[in-house]
Structure formats: structure tokens, C-alpha cells
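Asker: Sharing a structure with you now.
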Amino acid sequence: MQNITAGVILFITLIFGSNFAKAQTIELLAGNTLNGTVNGTLLGGAVMGLTNDSDFAPLRIGVGLGTLYGIGVGAYDISQTNGSSMIVTGTFNDGNNSSIIVLLDTFYGAAAGSVIASSVMLIANEPIVKGLQYGASAGAIAGFGFGVVDSFILSERIIPGASAHSNSNTANGFMALTFENGSSIGFLSPSVFSSLDLTEENIRAKFTPAIDVINLKVNL
């Protein structure tokens with residue numbers, strides 16, 4: 001009986017170990033889905049700003065389409081990495097999934113559009129608020145378009161096993177920043193805690209989802 005119990009425990013451990021080795025799959029899918037939802041929200045707001053309309057339909061549609069887009073990008077990343085972690089090096093930033101590059105470029109586009117439109121409004125002696133509204137909206141859409149090209153055409157992907165230099169020193173998280181000395185800080189990384197409950201009658205496995213707010217890896 002003890003040998004059977006030990007064998008069952010070993011079998012379960014091997015299965016769980018295999019699942020935990022693919023925890024990056026969950027992180028890639030969850031990270032891309034979240035980024036896609038935020039990106040869709042920004043674009044929906046940008047459409048409202050350009051049309052100067054208070055109808056929330058574009059925002060609602062943006063959230064829905066953004067979520068579907070994020071899931072699609074997550075599936076793409078998983079297919080490219082076989083569920084392994086990776087680092088995507090874009091024109092302006094690095095990230096550990098494809099959608100974060102698009103999202104950050106959307107932010108940069110909105111910021112650049114705001115600055116340019118506000119400057120024009122100052123020169124023309126027109127209300128700056130209008131410049132911020134239209135500039136940020138147009139810039140966000142332009143930034144999203146550039147971000148798609150940046151992420152899927154211009155960027156470089158480093159995947160463990162495909163390169164001698166992997167992102168082993170890149171912190172996990174939906175958003176990760178890598179510094180010149182090789183250190184990295186990541187934000188909002190999903191994880192799963194597991195435990196085995198052994199009794200004389202059965203064996204139960206317990207999984208508890210969690211989110212690590214900050215992960216830090218330092219290159220000494």
C-alpha cells in the first residue's frame with residue numbers, strides 16, 4: 001500500500017511539475033488579454049474624442065474588441081514560444097509579450113499628439129483643451145497603428161532555447177523594464193500556489209491563484 005501511495009504521489013508530482021513548467025502560458029495569455037482590454041478602452045475613448053460625442057458605444061465596443069484582440073495575441077505568442085517566456089524588443093521599449101509593445105506605443109502616440117496639438121493651439125490662440133482632446137485621440141490611434149507594425153514586424157523576439165542569451169534575467173510580469181546593467185523589474189505577474197493534502201483515504205491537490213505585484217531581478 002505504501003509503494004502504491006508513493007507511486008501515485010510521484011505520478012501527481014510529475015504531472016503538476018509539467019503544468020507548472022508551462023505557467024508562462026497562463027502569464028502570456030493573461031498579460032496579453034489585459035493589455036488588449038486596456039488598449040481597446042483607449043481606442044474607444046479616442047474615437048469618442050475625435051467625434052466629440054458623449055455616446056459610450058465606442059468605448060463599449062473598444063473594450064470588447066480589445067479583449068478579443070488580446071486573447072488572439074496571447075494565442076499567437078504561445079504558438080511562437082510553445083508556452084515559454086520571451087522578451088520582445090520594440091523600437092522604444094522591451095516587454096515580455098507582444099501586446100505590451102502596442103499598448104506602450106499607443107500611450108506614446110497619445111502623449112505626442114497632445115503635445116503637438118497643444119502647441120498648435122497656443123500658436124493659434126485657441127483653447128488648449130480642444131488641442132488635448134483631438135491631439136491625444138488622433139495620437140492614440142496613430143500610436144496603435146505604429147505599435148502593431150513595431151510589435152509584429154520591427155521587433156526582435158528572444159525565446160529561451162532558441163538563443164544562447166535568453167531573458168532569464170528579465171523579471172516576470174505584464175510589464176517589465178530592463179536596465180542597462182541587466183537588472184529588471186516586472187509588475188503584476190500571475191502565479192499559482194499549490195499544495196498536496198495527504199490523508200489515509202485520499203490525496204487532494206489545492207491550487208490558489210495569486211498576483212505578484214512587483215518582481216525584481218538584479219544583475220550583480
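Asker: Of the peptides 47-55, 139-147, how do they stack up when ordered by the mean number of other Cβ atoms within 10 Å, highest first?
Answerer: Peptide ranking by packing, descending: 139-147, 47-55.
Asker: Something else: Largest first and to the nearest Å, give the Cα extent of the stretch 37-98 along each principal axis.
Answerer: Taking max minus min along each principal axis of the Cα atoms, the stretch 37-98 gives 43, 24, 10 Å.
A short reminder: the numbers here are calculations on the coordinates, not readings from a lab. Since the model is a prediction, treat every value here as computed from it, not as a measurement. Note: ideal-geometry Cβ built from the backbone for every residue, glycine included; neighbour counts use all protein chains shown.
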